[in-house]
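Just below is one structure, and these are the notes that go with it.
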Amino acid sequence: MVLIAVIMLYPFWVMIGTSLKSEAQFLSGGGFSWLSWKNLTATIPVGQEVLSSTIVCTASILIILAVGLPAGFAFAKLRFRASTVVFLVIVSAMMVPLQAILMPEFVNVTKLGLTGGYLGAIVVYAALGTPFSVFLFATYFRGVPDELIEAGIVDGLGYFGALWRLVVPIAIPAIATVTVLQFIQIWDDLLVGLLFIQNTSERPITVGLAVLAAGRTTSIPELMAGSLVSALPAMVVYLVFQRYLVKGLTMGIDR
Amino acid sequence: MSVVTINGTTPIHRRGRRLSLRRRRQVAGFLFALPAIALVVGFIGVPIGQAVYYSFTEWNGLTSTWIGASAWTQAFHNSNLWTALQNNALLLLAVPFALGLPLLIAMLLHQRVVGWRIFRSIYFLPTAISWVVLGLVAERFFAYHGTLNSLIHAVGLTHVSTNMLGYESTALSALGITFVFTMIGTNTMLFLTGLATLDPSLEEAARIDGAGRWRIFRSITLPHLSRFIQLAFVMTVIALFSALFSLIFVMTGGGPGYATTTMEFLIYQTGFDQGAFGTAALYGLILFVLTAIVGVVQLRLIGSEE
Amino acid sequence: MADIDFDGVTKVYGDGPPAVDRLSLHIDDGEFMVLVGPSGCGKTTALRMLAGLEEISSGTLRIGGAVVNNTLPKDRDVAMVFQNYALYPHMSVAQNMGFALKIRGESKREIARKVEDAARILRLTEYLERRPKALSGGQRQRVAMGRAIVRSPQAFLMDEPLSNLDAKLRVEMRSEIARIQRLLSVATVYVTHDQVEAMTMGDRVAVLRDGQLQQVATPQDIYDRPANEFVAGFMGSPPMNLVPCQLRPGRSRVEVVVADQSIELPLGYADTHSLPEAGADVVLGVRPEDVLIADATGANVLKVRVERVEALGSEALVHLAWGEGGASSSRDARSRSFIAKVGPRVTFAPGDVVSVQVSPEHIHFFDAGTGISLRAGGR
Ligand SMILES: Nc1ncnc2c1ncn2[C@@H]1O[C@H](COP(=O)(O)OP(=O)(O)OP(=O)(O)O)[C@@H](O)[C@H]1O
Ligand SMILES: [Mg+2]
């Protein structure tokens with residue numbers, strides 16, 4: 001068990017160890033220095049990049065929730081004509097990898113003029129995250145008794161009121177699951193940020209790191225320091241909300 | 001009823017009369033689902049259709065010329081496609097490890113030894129890290145001055161040195177190993193959840209009946225986990241087809257040569273490095289079909305169970 | 001405050017048989033109406049149509065004189081108590097009870113006052129800040145009631161509100177609900193399949209079967225003068241004994257032939273009953289408590305054999321049978337046996353042959369074909 005723990009902690013050890021060396025010390029193997037951390041912001045615009053990541057993540061997740069909650073409610077409780085078929089189509093979109101539709105997607109989003117700022121990436125992340133959130137919310141809401149919604153309707157709510165004042169508060173755990181999973185996914189993603197945010201000064205941190213790394217000219221200790229910074233938020237979210245993550249991954253099969 | 005009331009409420013009443021209660025529920029349902037439908041159709045559905053169209057064209061993103069079926073025959077004569085497909089196929093060899101190791105780890109954690117919660121958190125922690133970062137770290141691990149060589153030297157083989165990412169023969173293996181590492185957290189999590197739903201009294205009953213550890217694992221634990229293993233399998237294969245991009249991008253850039261170019265990376269290269277949007281769209285369709293097959297197989301498996 | 005009027009209301013799901021079939025039923029303002037019937041007879045469906053949760057296929061539904069067929073639930077101003085209570089899990093008891101008022105836009109102070117009043121009536125004051133999860137079944141039931149009464153609605157709709165409670169609580173809440181309804185005097189439709197609730201709580205009882213209304217009357221009327229064989233067999237525990245028999249013209253009176261024995265009906269009986277011609281098949285019904293086990297011999301006494309005695313403490317049920325013992329089918333066996341409810345101290349044992357007497361005024365006759373009561377004037 002300890003051995004496995006060592007292996008799983010290896011990335012952190014590498015990141016921490018390497019980042020606490022200067023470029024020269026890294027090449028020669030020994031030593032300790034804060035130099036890389038001091039130079040970090042000069043080499044990598046960490047602050048700007050973390051901000052970009054945060055903006056993109058937050059906006060995408062808000063859209064995913066705003067779109068997924070009503071849709072999940074509709075598919076679970078307000079079934080309309082052909083809703084089962086539509087639901088299946090949306091859910092099967094979960095299986096479509098972005099790469100499969102990358103070219104038309106890129107051209108479309110560019111033509112819409114969205115690749116300049118954050119908008120293109122936000123929309124694409126939202127579209128990619130929606131099927132899962134619809135699926136998860138619909139599954140969750142199926143477990144909510146019909147009578148609860150009906151009680152609200154008899155108490156005077158319309159469908160929108162029922163969604164906003166009953167369904168959403170009850171769905172807090174599911175909302176947390178979607179948020180955590182999507183946060184980690186979007187924060188850690190490279191492809192969308194790389195292609196759909198053309199303006200280099202608005203790059204998310206993951207993209208910034210990858211581009212520098214692929215360029216192979218940046219000092220590795222500084223790269224590692226940047227990596228650590230980029231990994232931190234997702235790790236914190238992960239450690240705090242671990243149980244929602246597990247729940248989301250196994251949604252639908254562990255009942 | 002006063003005139004005022006009639007004047008004031010007639011339109012509302014009229015609308016109320018026309019729409020029956022059920023109809024109103026359905027309309028609300030449809031409206032609620034509409035944004036999701038629009039987003040998915042607009043940004044996933046439509047591009048699939050476009051990809052089909054453009055796969056028959058020569059396309060640079062702005063203008064396209066129809067070249068018909070010959071686009072497909074040309075593509076299949078391109079050796080890069082076959083290399084990429086072969087790389088994907090070879091990487092499938094990593095799947096048993098990406099499932100087997102997490103299964104073992106989950107079994108270990110399931111013993112609930114002292115401090116298992118801490119170990120669990122540690123084992124899952126890399127799940128939160130971007131594959132970009134993990135790729136960077138893996139590069140360090142496999143590099144000439146990296147950890148792997150230090151380990152080899154430490155066990156006494158001082159004259160042996162590797163540089164797995166530097167050679168066509170070994171780069172793909174290095175990528176596969178990294179992939180296995182990155183999947184450990186998620187799959188362990190899945191299996192552990194599966195094990196937690198296993199009724200412990202079953203195991204005890206089997207033990208009382210005189211079944212050994214292996215017997216118990218074979219006839220109780222494994223069958224119980226089958227749904228979870230299926231899910232992990234599908235998720236792993238899909239990740240293999242569509243999530244390696246970050247690793248490849250930072251570790252090898254697809255090389256050396258085309259040694260680590262998988263389908264998804266080939267799509268990126270063809271489209272964005274060579275500007276052959278049409279061909280890239282075509283490759284995308286091939287990837288789509290491959291993942292669809294996995295999805296259908298999965299549905300079949302679930303279907304046959306129920 | 002309003003009355004409720006079902007006028008030929010029908011509900012058809014898909015292309016199945018009607019779940020509610022041309023139901024016409026009037027509930028007066030302030031009246032407590034109990035809907036009763038076997039499982040699947042359409043009680044819940046009728047209630048849901050009234051609440052506006054289910055579409056009406058045909059017919060007209062009025063609340064307080066206004067047609068509400070297509071009125072949204074929120075505009076009907078009715079309150080509903082669900083079988084599983086459907087309390088909002090994320091709200092405290094007070095919030096649950098005040099929710100409808102809040103939606104309606106009443107002031108905080110007003111809401112608080114009404115909630116407190118309701119809580120006092122329901123003895124919930126000390127639980128107002130709790131979440132539903134932290135309440136017992138009976139307390140949750142009362143919160144569900146509270147949610148309905150704070151609204152002072154046009155009508156209360158309750159769907160088996162006591163069925164999730166244990167027997168003792170059920171008895172308690174039974175009179176509690178009846179008390180509150182009388183206190184507030186709001187038209188109430190109460191669905192149950194428990195006949196004790198039906199008998200004890202309602203001003204009137206409506207009996208449904210396969211979506212069709214069988215009879216509406218006061219509980220005692222339903223018991224004493226069931227409109228048909230179904231109602232007779234449904235209400236009462238154990239149910240009314242129903243025995244196929246034949247009418248035979250006697251010397252001067254009508255005689256009923258039960259098995260090989262006969263009962264004479266008094267002169268004038270035919271005046272109060274529209275009996276068919278002599279020789280016709282009818283079904284004779286008699287409540288278990290009206291079967292007297294007597295030593296007497298003579299007219300109108302049947303000789304029967306004791307099959308089984310069930311002592312229930314305060315009373316005993318005696319299963320009686322006549323004719324040849326080994327009846328081939330169970331239906332046959334039922335038609336050859338009946339139950340008497342007698343005092344707890346029984347002096348006979350299985351196998352004994354005893355005489356039983358039924359006084360003619362306690363006999364019900366039903367048409368053998370249609371099951372309709374043959375009492376003159378129908379119901
Ligand atoms: N949503 C539905 N779709 C199709 N059929 C339905 C639906 N709801 C009820 N039914 C059918 O309508 C009939 C009446 O159902 P209802 O729920 O009103 O019965 P009930 O009298 O309340 O029974 P119970 O005492 O079991 O609650 C049943 O045959 C039932 O199968
Ligand atoms: Mg019911």
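The values are calculated or read from the model by the stated rules, or taken from the named source; none is laboratory data. Quick caveat, the model's predicted, so the values are computed rather than measured. As a convention, Cβ positions derive from the backbone with ideal geometry for all residues, glycine included, and neighbour counts pool all protein chains shown. Surface areas here come from the heavy atoms of the whole protein model, side chains and all, with no ligands, DNA or RNA. Shrake-Rupley method; radii C 1.70, N 1.55, O 1.52, S 1.80 Å.
Conditions (1) among the acidic types (D, E); (2) free of Cβ contacts under 8 Å to residues at least 24 places away in the same chain; (3) within 28 Å of B:V234 (Cα to Cα), marked per residue:
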| residue | (1), (2), (3) |
| --- | --- |
| B:N88 | no, no, yes |
| B:L99 | no, no, yes |
| B:L104 | no, yes, yes |
| B:F124 | no, no, yes |
| B:L134 | no, no, yes |
| B:R140 | no, yes, no |
| B:T162 | no, yes, no |
| B:I177 | no, no, yes |
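Of the residues making up segment A:73-97, those that are facing chain B (nearest Cβ under 7 Å), within 24 Å of A:R165 (Cα to Cα) and of a type outside the set (S, T, N, Q) are A:F73, A:A74, A:F75, A:L78, A:R79, A:F80. When the residues of segment C:9-57 are filtered to those that are out of contact with any strand residue (DSSP E or B) (no Cβ under 7 Å at 6 or more places or on another chain) and on the phi > 0 side of the Ramachandran plot, the one that is nearest to ligand 1 (Cβ to nearest atom) is C:G40. The residues of segment C:180-201 that are within 16 Å of ligand 2 (Cβ to nearest atom) and either of a type in the set (A, V, I, L, M) or surrounded by 23 or more Cβ atoms within 10 Å (Cβ to Cβ) (or both), listed by number, are C:V189, C:Y190, C:V191, C:T192, C:E197, C:A198. Yes or no: segment B:136-143 includes at least one residue that is of a type in the set (D, E, K, R), in a helix (DSSP H, G or I) and at the interface with chain A (Cβ under 9 Å from one of its Cβ atoms). Yes, segment B:136-143 has at least one match. Being part of a strand (DSSP E or B), within 16 Å of ligand 1 (Cβ to nearest atom) and away from chain A (no Cβ under 14 Å): is that true of C:A206 here? When the stated conditions are applied, C:A206 passes them. Against the condition without any contact (Cβ under 8 Å) to a residue 12 or more places away in the chain, open to solvent by 30 Å² or more (accessible area, probe 1.4 Å) and not charged (D, E, K, R), how does B:I208 come out, does it pass? So B:I208 passes the test.
Screening the candidates C:P89, C:P73 for the property of being open to solvent by 30 Å² or more (accessible area, probe 1.4 Å), more than 16 Å from ligand 2 (Cβ to nearest atom) and closer than 20 Å to A:W164 by Cβ yields one hit, C:P89. For segment C:1-19, filtered to residues that are modelled with pLDDT under 90 and within 16 Å of C:G64 (Cα to Cα), the residue that is nearest to ligand 2 (Cβ to nearest atom) is C:A2. All of B:T63, B:T57, B:T73 fail the test of being free of Cβ contacts under 8 Å to residues at least 12 places away in the same chain, within 13 Å of chain A (Cβ to nearest Cβ) and at negative phi, apart from B:T63.
A quick yes/no check of all residues on (1) open to solvent by 30 Å² or more (accessible area, probe 1.4 Å); (2) in contact (Cβ under 8 Å) with a residue 24 or more places away in the chain; (3) hydroxyl-bearing (S, T, Y); (4) more than 7 Å from every other protein chain (Cβ to nearest Cβ):
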residue	(1), (2), (3), (4)
A:F132	yes, yes, no, yes
A:L191	no, yes, no, no
A:Q198	yes, yes, no, yes
A:S201	yes, yes, yes, yes
A:G215	yes, no, no, yes
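Answer with yes or no whether B:S173 is modelled with pLDDT under 85 and small (G, A, S). Criteria not met by B:S173. Of note, A:E222 satisfies the criterion of being surrounded by 21 or more Cβ atoms within 10 Å (Cβ to Cβ) and in a helix (DSSP H, G or I). Taking the conditions exactly as written (more than 7 Å from every other protein chain (Cβ to nearest Cβ), more than 16 Å from ligand 2 (Cβ to nearest atom), on the phi < 0 side of the Ramachandran plot and buried (at least 19 other Cβ atoms within 10 Å of the Cβ)), does C:V81 satisfy them or not? It is false that C:V81 is more than 7 Å from every other protein chain (Cβ to nearest Cβ), more than 16 Å from ligand 2 (Cβ to nearest atom), on the phi < 0 side of the Ramachandran plot and buried (at least 19 other Cβ atoms within 10 Å of the Cβ). In segment A:169-187, what residues are open to solvent by less than 10 Å² (accessible area, probe 1.4 Å), within 14 Å of chain C (Cβ to nearest Cβ) and assigned to a helix (DSSP H, G or I)? The one that is open to solvent by less than 10 Å² (accessible area, probe 1.4 Å), within 14 Å of chain C (Cβ to nearest Cβ) and assigned to a helix (DSSP H, G or I): A:A174.
Let's see how each residue does on (1) in a helix (DSSP H, G or I); (2) away from ligand 1 (no atom under 16 Å from the Cβ); (3) among the charged types (D, E, K, R):
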residue: C:V171; (1), (2), (3): yes, yes, no
residue: C:L183; (1), (2), (3): yes, yes, no
residue: C:T188; (1), (2), (3): no, yes, no
residue: C:V191; (1), (2), (3): no, no, no
residue: C:F230; (1), (2), (3): yes, no, no
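Residues checked against (1) away from every other protein chain (no Cβ under 11 Å); (2) part of a loop (DSSP other than H, G, I, E, B):
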| residue | (1), (2) |
| --- | --- |
| A:G113 | yes, yes |
| A:G116 | yes, yes |
| A:Y125 | no, no |
| A:A138 | no, no |
| A:V144 | no, yes |
| A:A162 | no, no |
| A:V167 | no, no |
| A:L195 | no, no |
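Look at B:G194 and say whether it is within 28 Å of B:Q86 (Cβ to Cβ), surrounded by 19 or more Cβ atoms within 10 Å (Cβ to Cβ), touching a Lys or Arg at 6+ places or on another chain (Cβ under 8 Å) and not hydroxyl-bearing (S, T, Y). So B:G194 fails the test. With respect to the conditions (1) touching a strand residue (DSSP E or B) at 6+ places or on another chain (Cβ under 8 Å); (2) open to solvent by 30 Å² or more (accessible area, probe 1.4 Å), B:T57 falls short on a single one, namely (2). Note on segment C:46-76: among residues that are under 12 Å from C:I4 (Cα atoms) and part of a loop (DSSP other than H, G, I, E, B), the one that is nearest to the other protein chains (Cβ to nearest Cβ) is C:R76.
Residues to consider are C:T10, C:T60, C:T44; find the one that is touching a residue at least 40 places away in the same chain (Cβ under 8 Å), surrounded by fewer than 16 Cβ atoms within 10 Å (Cβ to Cβ) and hydroxyl-bearing (S, T, Y). Just a single option satisfies the conditions, and that option is C:T60. Could you grab me the full set of residues in segment C:22-31 that are away from ligand 2 (no atom under 16 Å from the Cβ) and either in a strand (DSSP E or B) or within 14 Å of another protein chain (Cβ to nearest Cβ) (or both)? Scanning segment C:22-31 gives C:R22, C:S24, C:L25, C:H26, C:I27. For segment C:108-119, indicate whether the set of residues that are on the phi > 0 side of the Ramachandran plot and more than 16 Å from ligand 1 (Cβ to nearest atom) is non-empty. Looking through segment C:108-119, none of the residues is on the phi > 0 side of the Ramachandran plot and more than 16 Å from ligand 1 (Cβ to nearest atom). Among the conditions (1) of a type in the set (K, R); (2) surrounded by fewer than 16 Cβ atoms within 10 Å (Cβ to Cβ); (3) within 13 Å of another protein chain (Cβ to nearest Cβ), A:K38 misses just one, which is (3). On the basis of being under 28 Å from C:R209 (Cβ atoms), away from ligand 2 (no atom under 16 Å from the Cβ) and open to solvent by 40 Å² or more (accessible area, probe 1.4 Å), does C:V67 make the cut? Considered against the rule, which asks whether it is under 28 Å from C:R209 (Cβ atoms), away from ligand 2 (no atom under 16 Å from the Cβ) and open to solvent by 40 Å² or more (accessible area, probe 1.4 Å), C:V67 comes out as yes.
No other residue among A:L27, A:L62, A:L9 is at pLDDT 90 or above and assigned to a helix (DSSP H, G or I) apart from A:L62. Looking at C:Q154, is it within 14 Å of chain A (Cβ to nearest Cβ) and more than 16 Å from ligand 1 (Cβ to nearest atom)? In short, yes.
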